[in-house]
Structure formats: C-alpha cells, structure tokens
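Structure first, then comments.
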Amino acid sequence: MRLAKTALGVTVLGSLLISGASAFGATAPAGGTIKVWATENNSLTGGTAVITGAIGDYGTFVDANSAGKIDKKNGLYIKIFSKKGTVLINSTQFNAVFNNAQPTDFNAVTCSASIIASAPMPIVSGTKAYAGITGSVTVTGTFAFIVPRTSSGKCNTSSNAKAIAQYSSITGSGTVSFP
C-alpha cells in the first residue's frame, strides 16, 4: 500500500511538472501583441522597462553587443533583464534613425530642444521564460534636453556638451511569438 501511495505521488508530481508552470499558477508566454514602456537612466546607457500585453514583466535594460554582453560604450543592442528572463533586442536601426534625427524645435534663446525618432527593433533571443522568442517592436523615442552655454553665451551644441537637463521616454508595440 505504501509503495502504491509513493508511486501515485510520483506520478501526480511528474504530471504537474510535465504540464508546465501553469500547474503552479504561472503560465509560459503564448505570444501576441506587446507594448514596451521604458525610461533611460541619466547616463543614457540603460534604464527601466515594463512590458505589457502578451508578456507582463518588468526589469532593467542595458546597452549590449550582438552576443548579449554588456557594452555601455558601443552597444548597438539592448538587453532587458526582467523578472522572468532576459530578452536581447537589435537596436541598430533605431540608433541610426535617432543619431541622424535633428531637433525640430531647437530654441537658441533657451538652448532647449526635443527629438522624436521611431524605428523597428527586431527581437534576437531570450532566456528562461523567453527562450526561443521571436518578433519585433516598433519603438518611438522622445528626448528633450537643455544644453549649456559656451563662454561666449551661445548654446553649446557640440557632441561633447553634457545636457543641463534631459528627459527620455521610449514606448513601442509589436508582436512576439514562442516556439
């Protein structure tokens, strides 16, 4: 009788484990439409992200290389570290669009401006709950800033000028799927 109860217990436990995480109240993502909400940190090399829709998760992100290694200086990819796994996104197209975007509202009196840029970001890979993820998210980056003045009183628009104040917001939507 004891052996039968043990065998039954192992069978039930095995079926729960095989049926996946849903047996424990969490389900693996099924794919579908997602929305991404992100804010960069002050160094513009990472920040926080929330993903809603088919994926409900949150975490931090950093600049990375194509292999997913953190690269704050030359990273052309973004790696999201969320509670359920990581996602690597190719941001090269967005970076190209943003780097060539010009402020449409630069004010030489106040030295302030904003830039809005949009482009798709293909999803490259994922880990844990996001293993095998594919898809793409079209993002829009909104950036506002005030640059300092030079010693002659003009706005310092050189690439070396550090903004006095800045704001950034990245939002987007797209579709993901899983194997």
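Every number in this text was worked out from the coordinates using simple rules, so none of it is lab data. Keep in mind that what you see is a predicted model, and the values were worked out from it rather than measured. Glycine also receives a Cβ, built like all others from the backbone with ideal geometry; neighbour counts cover every protein chain displayed.
By how many nm would the segment from Asn100 to Ser66 grow when fully extended, if each residue of separation counts as 0.36 nm and the alpha-carbon distance is taken off? Before the final figure, lay out each step's value.
Numbers: separation 34, 0.36 × 34 = 12.24 nm, distance 2.17 nm.
Here the answer is 10.1 nm.
Is the shape of the stretch 33-177 best called rounded, prolate or oblate, per the rule: a/c under 1.5 gives rounded, else a/b larger than b/c gives prolate, else oblate, with a ≥ b ≥ c the square roots of the Cα gyration tensor eigenvalues?
Working: a/c = 2.48, a/b = 2.16, b/c = 1.15.
Because a/c hits 1.5 or more and a/b exceeds b/c, the stretch 33-177 counts as prolate.
So which of Lys35/Lys79; Lys73/Lys162; Lys72/Lys162; Lys69/Lys128; Lys73/Lys128 end up more than 24 Å apart by C-alpha? Before the final figure, lay out the partial values.
Details: Lys35/Lys79 16 Å; Lys73/Lys162 16 Å; Lys72/Lys162 17 Å; Lys69/Lys128 17 Å; Lys73/Lys128 27 Å.
Checking Cα-Cα distances, Lys73/Lys128 exceed 24 Å.
To the nearest 20 Debye, how big is the dipole of the stretch 33-177 about its Cα centre, given +1 on the beta carbon of each Lys and Arg and -1 on that of each Asp and Glu?
Working: 11 positive and 5 negative charges, 58 e Å.
Roughly 280 debye, rounded to the nearest 20.
Please compute the modelled spin-label separation between Gln93 and Ala161, points set 7 Å along Cα→Cβ, answer in nm with one decimal.
Modelled inter-label distance: 3.2 nm.
Can you sort Val87, Val36 from fewest to most other Cβ atoms within 10 Å of each residue's own Cβ?
Numbers: Val87 30, Val36 23.
If I rank by nearby Cβ atoms, fewest first, I get Val36, Val87.
Using 0.36 nm per residue, how much length does the chain from Ser118 to Thr134 gain when fully extended, once their Cα-Cα distance is taken away? Provide the component values of the computation, followed by the final result.
On the way: separation 16, 0.36 × 16 = 5.76 nm, distance 2.00 nm.
That pair, Ser118 and Thr134, stretches by 3.8 nm at full extension.
With θ set to phi - 60°, apply the Karplus curve 6.51 cos²θ - 1.76 cosθ + 1.60 along the stretch 139-144 and write out the HN-Hα couplings as whole Hz, x wherever there is a Gly or Pro.
My calculation for the stretch 139-144 gives 10, 10, x, 10, 10, 10 Hz in order.
Using the Karplus curve 6.51 cos²θ - 1.76 cosθ + 1.60 with θ = phi - 60°, what ³J(HN,Hα) values do you get for each residue of the stretch 159-175, in whole Hz, with x for Gly and Pro?
With coefficients 6.51, -1.76 and 1.60, one gets 5, 8, 5, 8, 4, 6, 9, 8, 9, 9, 8, 10, 10, x, 8, x, 10 Hz.
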